Every structure is written in C-alpha cells, then in structure tokens.
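Rule-based calculations on the coordinates, nothing more; no lab input. Only a predicted model underlies this, so the values are computations on that prediction, with no experimental measurement involved. Virtual Cβ from ideal backbone geometry, glycine too; neighbours counted across all protein chains shown.
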Amino acid sequence: MHGALSRAQHHQLAKQLLVKHFKLIDFVEVTKATDENDCMDETMFEIYQKAFNQLEKQEKRAHIQLNLARCQYQKTKTEEHFRASNVYFEVSDDTQCSQCFAKIMKYPFSFLPDSQTVIHTHHLH
C-alpha cells in the first residue's frame, strides 16, 4: 500500500514538473522513461498537447528564419553580381571588336564584364 501511495505521489510531482517546465523538457525522453503500464490520463494528454504546440511554433519560427537567411543570401549574391557586371566602359569611333577587329559601332555590341572586352552581339551565339 505504501509503495503504491509513494508511486502516486511521484507521478503527481512528475506531472507538476512537466506542466511547469514543458518547454524545457525533451518529450521523446519522457516517453522512453514512461512505464508501459502507465496510462495516458487527461493531464498527460494536455501536457503532450502543449509540448507539441510549442514544437510546432518553434518549427515555424525556424522555417521563417531559414527563409529569411536564404533571401538575405540571394540578395547578397544578386548585389555582388550587379557590382561585378555594372562596369562603365567607353566606346569611341576607333574601338574594335575583339573577335573580328571591325569597328564596334558597325553592329550591335555587348560588353563582357568577365573578360573586360567589347564584342559584336552576333559573336555571342
């Protein structure tokens, strides 16, 4: 009798701790430590429900933070690409195509920022 009463008191204390600190507790470990003979009563059901709701909120926050980090990375890459390709170049009447050496003003032309050259557009194809 004394053992059963002591066990019931331990269960009550454990439930009180779970209710009070459910955000800090790993419920996978709680489930592993729970005796197979223990039944899921309403209090335990509510505790698990709170824990799952909390985990869902954390997952949503983490997903939002991940998306923000991806957007920031993409923005940084786009800005880097823009800075690399936003180069001023000067074209005069004497500027020649680096492929055919004809005057550049003769046909439509493009500037290649990687090689810093000006070529006629038809050479790109």
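Along the charge dipole of the chain, Cβ charges K/R +1 and D/E -1, which of Thr43, Gln116, Leu13 sits furthest on the positive end?
Going by the charge dipole, the pick is Gln116.
Want the number for Ser92 to Phe111: 0.36 nm per residue separation, take away the alpha-carbon distance, what's left?
5.5 nm
Over 32 Å between Cα atoms: which of Lys15/Lys60; Lys75/Lys106; Lys77/Lys103; Lys23/Lys75; Lys50/Lys75; Lys32/Lys60 fall into that group?
Cα-Cα > 32 Å for Lys75/Lys106; Lys77/Lys103; Lys23/Lys75; Lys50/Lys75; rest within.
[x] 2, 11, 21, 25, 20, 11, 6, 3, 0; [y] 2, 10, 17, 18, 16, 11, 8, 6, 5, 3, 2, 1, 0; [z] 2, 8, 11, 11, 7, 6, 5, 4, 5, 4, 4, 4, 5, 5, 5, 5, 4, 3, 1, 1, 0, 0: which one is P(r) over Cα pairs in 5 Å bins from 0, in percent as calculated from this entry?
Given [x] 2, 11, 21, 25, 20, 11, 6, 3, 0; [y] 2, 10, 17, 18, 16, 11, 8, 6, 5, 3, 2, 1, 0; [z] 2, 8, 11, 11, 7, 6, 5, 4, 5, 4, 4, 4, 5, 5, 5, 5, 4, 3, 1, 1, 0, 0, the calculated one carries the label [z].
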